[in-house]
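For reference, the structure is listed below as structure tokens.
The values are calculated or read from the model by the stated rules, or taken from the named source; none is laboratory data. As the structure is a prediction and not an experimental result, all values here were calculated from the model. Counting neighbours? That spans all protein chains shown, and the Cβs are built from the backbone with ideal geometry, glycine included.
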Amino acid sequence: MKLIIDVDTGMDDAQALLLALRSPQAQVLAVTCIGGNVPLDLVVRNTRLVVAAANWPGQPAPRVFAGCSRPLVSDGDGEIRATHYHGSDGIAGAWEKLTSSDSTKSEVEAAVNSVPVESMHAALGLIELVSQNKGEVTLLALAPLTNIALALRLEPRLGTWLRSLVVMGGAYQSMGNNERHLSAEFNFVHDPEAARLVLHEMLPCPRLIVPYEACLESSLPFDWAITWAAGGNAADEPKPLWRRLHELIVSHQCLMQRGQTFALTLAQPLAYRSCDLLAASICLLPSVASDVLEKRCTIELAGGVTRGQLVVDWFDKADRGLSKVATVSARFVTKVALDAYRALLFETLG
């Protein structure tokens with residue numbers, strides 16, 4: 001499977017990249033970066049670290065592109081970031097922890113410097129690579145959709161060239177997961193215009209959305225997650241850089257998620273979840289999505305409290321001529337096969 005992965009590398013983006021880069025089923029052609037969880041410069045730095053750390057033997061290194069640093073259209077709210085969850089560096093303070101000694105600092109700096117950043121903008125790189133591999137590339141979108149929307153505006157045929165598009169984004173039951181907006185998911189609310197453009201115009205490419213509610217369904221025990229992240233290295237065997245990075249991320253995620261008591265009000269357990277990791281898992285192994293629903297939908301752009309919300313035509317009003325709202329058909333993951341998910345994670349990163 002040929003992949004291009006669009007990221008705003010925070011903790012779960014980093015895990016998704018590790019999963020894809022260390023999977024023998026995937027050939028990651030490129031990683032395109034956008035400002036989101038943290039500003040663009042930190043996203044690029046984090047991405048270079050993860051790409052270098054993954055170190056999968058026999059696989060060519062993906063090209064890394066820097067893209068948009070801000071949404072297509074500013075909504076006047078200022079920058080929407082997620083450092084309160086991901087940490088100021090975006091990856092659980094890993095930069096400080098991994099460079100605490102001279103030897104580890106040299107290792108990390110050498111790893112980052114081994115991964116060049118392309119001079120071409122991410123949107124142009126995306127167009128170039130997809131046009132060179134028509135019908136073969138799956139685009140895995142784990143970030144605000146600005147880079148992809150810009151590429152689509154520059155090359156409207158993009159949707160005819162892609163094999164498929166998998167998007168981690170949206171909240172199809174309006175369970176918003178960011179602090180400023182009640183009913184919208186972070187990636188979509190960060191750039192609602194881009195989300196709407198991609199959803200409506202990336203045609204006829206098959207589009208699968210992994211919404212926030214599916215992530216709530218992907219609960220794994222905290223103890224399992226800690227054991228999984230630690231891996232099977234012998235006590236006296238040094239852990240590779242990717243393992244140390246992953247262990248730091250999972251530890252921080254568990255710490256933060258133990259305090260997410262809102263899950264209890266949704267009849268969800270306090271448990272380990274990683275949204276982008278789930279999306280990457282479904283991309284690599286579609287059977288991880290045990291139930292998929294197809295409905296018409298759109299993105300709200302004007303609502304005072306619902307801007308960026310994924311609005312679903314639950315009662316098929318458009319098909320029955322009862323609604324003049326412009327909608328488009330998309331598929332949503334609604335249930336997760338936890339055994340298949342857990343097995344994939346353990347096989348690839350355990």
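Summary table
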| item | result |
| --- | --- |
| Check on ALA92, more than 14 Å from LEU17 (Cβ to Cβ), among the aliphatic types (A, V, I, L, M), at pLDDT 95 or above and crowded, with 22+ Cβ neighbours inside 10 Å | no |
| Any hit, the stretch 274-291, residues being of a type outside the set (A, V, I, L, M, F, W, C), modelled with pLDDT of 95 or more, crowded, with 17+ Cβ neighbours inside 10 Å and assigned to a loop (DSSP other than H, G, I, E, B) | yes |
| Selection from the stretch 169-200 of residues that are part of a helix (DSSP H, G or I) and either touching a helix residue (DSSP H, G or I) at 6+ places or on another chain (Cβ under 6 Å) or free of Cβ contacts under 8 Å to residues at least 40 places away in the same chain (or both) | PHE188, ALA194, ALA195, LEU197, VAL198 |
| Residue in the stretch 301-350 that is nearest to GLN25 (Cα to Cα), counting only those that are among the acidic types (Asp, Glu) and in contact with an Asp or Glu (Cβ under 9 Å, 6 or more places away or on another chain) | ASP313 |
| Filter result for the condition that a residue is in a loop (DSSP other than H, G, I, E, B), in contact with a Leu (Cβ under 9 Å, 6 or more places away or on another chain), under 23 Å from ALA14 (Cβ atoms) and not aromatic (Phe, Trp, Tyr), over VAL115, VAL166 | VAL115 |
| Residue in the stretch 273-282 that is within 24 Å of LYS97 (Cα to Cα) and basic (Lys, Arg) present | yes |
| Unique residue being closer than 24 Å to ALA110 by Cα, modelled with pLDDT of 85 or more and surrounded by 12 or more Cβ atoms within 10 Å (Cβ to Cβ) when the list is HIS246, HIS252 | HIS246 |
| Qualifying position, being of a type in the set (D, E, K, R) and either within 22 Å of the chain's Cα centre (by Cα) or assigned to a strand (DSSP E or B) (or both), among ARG320, ARG296 | ARG296 |
| ALA122 vs. criteria among the hydrophobic types (A, V, I, L, M, F, W, C) and on the phi > 0 side of the Ramachandran plot | no |
| Single condition VAL115 does not satisfy, out of (1) over 21 Å from MET168 (Cβ atoms); (2) touching a Pro at 6+ places or on another chain (Cβ under 6 Å) | (2) |
| Count of residues meeting criterion [among the hydrophobic types (A, V, I, L, M, F, W, C), in contact (Cβ under 8 Å) with a residue 60 or more places away in the chain and in contact with a strand residue (DSSP E or B) (Cβ under 7 Å, 6 or more places away or on another chain)] in the stretch 210-223 | 3 |
| Pick from the stretch 13-70, criterion in a helix (DSSP H, G or I) and of a type outside the set (A, V, I, L, M, F, W, C), ranking: farthest from LEU241 (Cα to Cα) | ASP41 |
| Hey, PHE332 touching a residue at least 12 places away in the same chain (Cβ under 8 Å), of a type in the set (Phe, Trp, Tyr) and either surrounded by 15 or more Cβ atoms within 10 Å (Cβ to Cβ) or on the phi < 0 side of the Ramachandran plot (or both) or not | yes |
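Condition check ((1) within 19 Å of the chain's Cα centre (by Cα); (2) within 18 Å of THR32 (Cβ to Cβ); (3) surrounded by fewer than 20 Cβ atoms within 10 Å (Cβ to Cβ); (4) among the aromatic types (Phe, Trp, Tyr)) across all residues:
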residue	(1), (2), (3), (4)
ALA149	yes, yes, no, no
THR160	no, no, yes, no
ASN178	yes, no, no, no
TYR212	yes, no, no, yes
THR227	no, no, yes, no
